[in-house]
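Below: the structure, in structure tokens.
Bear in mind these aren't lab numbers, they're just calculated from the coordinates by the rules spelled out. Owing to the predicted nature of the structure, the values given are computational and were not obtained by experimental measurement. Glycine also receives a Cβ, built like all others from the backbone with ideal geometry; neighbour counts cover every protein chain displayed.
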Amino acid sequence: MNADVKIDLSGNTAAKGIHPALAERYAGRSACVIGAGFGGMALALRLQSAGIATTVIEGRDKPGGRAYFWERDGFTFDGGPTVITDPPCLKELWELTGHDIAEDVELMKVMPFYRLNWPDGTNFEYSNDEESLNAEIAKLNPADVAGYARFLEYSARVYEEGYLKLGTKPFLDFKSMLKAAPALIKEQAWRSVYSMVSSYIEHPKLREAFSFHSLLVGGNPMNTSSIYALIHKLEKDGGVWWARGGTNRLIAGMVRHFERLGGTMRVGDPVVQVHTLGTKATEVETKSGFRQRFDAVASNADIMHSYKDLMSGSARGKQMAKSLNRKSFSPSLFVVHFGLEGTWPGIPHHMILFAKRYKGLLDDIYKNGVVPEDFAIYLHHPTVTDPSMAPEGKSTFYALVPVSHMGKMPLDWDDVGPKLEKMILDELGRRLIPDIHDRIITKFSYAPKDFKQDLNAHMGSAFSLEPVLWQSAYLRGHNRDDVIDNYYLVGAGTHPGAGIPGVVGSAKATAGLMLEDLAKVS
């Protein structure tokens, strides 16, 4: 795509920055993207940027998917995700048509990336400032400074193999996976993140500090492939960022740019069926009765929902639902959103409050299916970076706790939720804000049942398929269906997986297939 295309906004495709040759190639082609999450919007932008008439259909009352948001009592609460890494993968979505992301989104640096805190009062400031980070490591164990340097070299190698080379490549057959296997075997991809970290680092707290990242994409550090150590390189090179106004503003910017290019948004009207004929997806039907034919259909919905419900009228939908039911899904989350009186400059944007246990707690979440008496908390405090998220003199927070999905832990969340909410706030009171209950102006919680109900998430899973080696690449959801050859998938359940860079990478892989296929449509 030419980056120097001259742009005005007078209405034709060339004026919008769409290259004339692409506009001619895809003239008359149409596509539907189901779901306006990060993956869906990234895919829609790539298709519309090529001149394909693209319609995004979102079931909820506003775009975002998991990046939904609420406004209550003057506070803005992001549903998540809240950590933005690899800004170039986002900027590229605007650059396809000669635009600049800054037209629609203001990205702000976050420093430190995270403060890690343990129950004994130990704090660890995690960032990409090499001198400061080495000093933090040395406070716990000077010998681990050299070990971390070697671990970072490993992280750079798996970043090269797992992210740069494979992160936007679709795996449609087993042969493609075999081609990638030697490099991954060389980097011991069968080992877990925690195992690999432990081979370089001695101190138990530092092992937690450098292995917890896989939890941010739904993976158990004890089981998730060591390839996910690439996150350290990703953060070191690109930093950690925030979109002013919340990650919801990043979604809003994507929607604004999509519509600028001529794309169509249909919001608040959930898709109920993708109709098929033979090996073709033919029409998309919504709850309101809207029904339209498209040349290609892509689903950013939950992968099980994409087959079990949206394709329930086809044999392929039933077959895939049965197959997916045998796979392991990531845990869910319990999130407490709350607005406080006062400001907290001493509490950074991101904190991880570890529990006394690490492996035992992970076992409770991933294997045992119980509500643990202790828990790890991810605390999000955006107003320290961006005061616009709360009224003046007040602060927005959310406290997130990983919990088992509803398949492992079928609880009555209407009963359990209020109790867990109090336990979490009590813990924050003990460790950070002693009078937290007196300062709360507004609060509400989001439980596994809400993920299931609002997002059609299978068993309330917050991250779709668990990111383990035997559910990666070809063994994960395919970016194009194997039977319905114009039905595509994008998002956390597909290769490469969850997280903003992951789903934006899946959109690039899926878009490449769709552009190739739609160029052949007669």
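Remark: the range 412-506 is approximated by an ellipsoid whose semi-axes, taken from the C-alpha gyration tensor as √(5λ), come to 38, 15, 12 Å, largest first.
Let me know the whole percent of all Cα-Cα pairs from the range 126-239 that are separated by more than 16 Å.
Numbers: 3851 of 6441 pairs.
Taking all Cα-Cα pairs of the range 126-239, the fraction more than 16 Å apart is 60 percent.
Could you sort 407-414, 66-73 so that the peptide with the highest average Cβ count within 10 Å comes first and the rest follow in order?
With the highest mean Cβ count within 10 Å placed first, the list reads 66-73, 407-414.
Find the eigenvalues of the gyration tensor of the Cα atoms of the range 208-270, then list the square roots of 5 times those eigenvalues as equivalent ellipsoid semi-axes, largest first, in whole angstrom.
Its equivalent ellipsoid spans semi-axes of 33, 16, 11 Å.
DSSP H helices in the chain with Cα extent of 24 Å or more along the helix axis and mean Kyte-Doolittle hydropathy at least 0.5?
Numbers: long enough: 413-431 (27 Å, -0.82); 500-518 (26 Å, 0.86).
Span-like helices here: 500-518.
Compute the distance in nm between two label points, each set 7 Å from the Cα along the Cα-to-Cβ direction, one at SER388 and one at ASN325. Output for this residue pair reads 4.7 nm.
222 nm [θ] for the chain, helices only, -39500 (n - 2.57) per DSSP H run of 4+, per residue, to 500?
My calculation for the chain gives -10000 deg cm²/dmol from helical runs alone.
Which entries of LYS109/LYS236; LYS287/LYS508; LYS287/LYS308; LYS62/LYS287; LYS422/LYS452; LYS233/LYS327 show an alpha-carbon separation above 19 angstrom in the structure shown? As for pairs spanning more than 19 Å Cα to Cα, those are LYS287/LYS508; LYS422/LYS452; LYS233/LYS327.
By the scheme Lys and Arg +1, Asp and Glu -1, what is the net charge of all other residues having a beta-carbon under 12 Å from that of GLY64?
Working: positive: ARG60, LYS62, ARG66, ARG249; negative: GLU58, ASP61, ASP78, ASP454.
That sum, taken over residues with Cβ under 12 Å, equals 0.
For ASP415 and TRP70, what does the FRET efficiency come to when R0 = 22 Å and r is the distance between their Cβ atoms, rounded to the nearest 0.05? The calculated FRET efficiency here is 0.45. Using the empirical formula 2.2 N^0.38 Å as the baseline, the Cα radius of gyration of the range 285-431 reaches a ratio of 1.39. Note on the range 307-394: Rg/Rh from Cα positions, Kirkwood definition for Rh, rounded to two decimals, is 1.19.
I want the local charge near LYS520. Using Cβ-Cβ distances under 12 Å, sum +1 for each Lys or Arg and -1 for each Asp or Glu among the other residues. Neighbour charge sum, excluding LYS520 itself: -2.
Viscosity 0.692 mPa s, temperature 37 °C: give me the Stokes-Einstein translational D for the range 247-321 in µm²/s, with Rh taken as the Kirkwood radius over C-alpha pairs.
Details: Rh = 13.7 Å.
My calculation gives 239 µm²/s for D.
Fully extending the segment from ASP129 to ASP482 would add 122.5 nm, taking 0.36 nm per residue of separation and subtracting the current Cα-Cα distance.
Computed from label points 7 Å out along Cα-Cβ, the spacing between ASN368 and VAL521 is 5.2 nm. With only the Cα atoms considered, the chain has a convex hull volume of 145 Å³ per residue.
Can you order the peptides 384-391, 299-306 by their average number of other Cβ atoms within 10 Å per residue, highest first?
On the way: 384-391: 18.8, 299-306: 27.9.
Ranked by mean Cβ neighbours within 10 Å, highest first: 299-306, 384-391.
Taking the Cα centre of the range 331-458 as origin and assigning +1 to Lys and Arg Cβ atoms and -1 to Asp and Glu Cβ atoms, the resulting dipole is close to 380 debye. Bridges between two residues of the chain, per DSSP, are antiparallel at a rate of about 70%.
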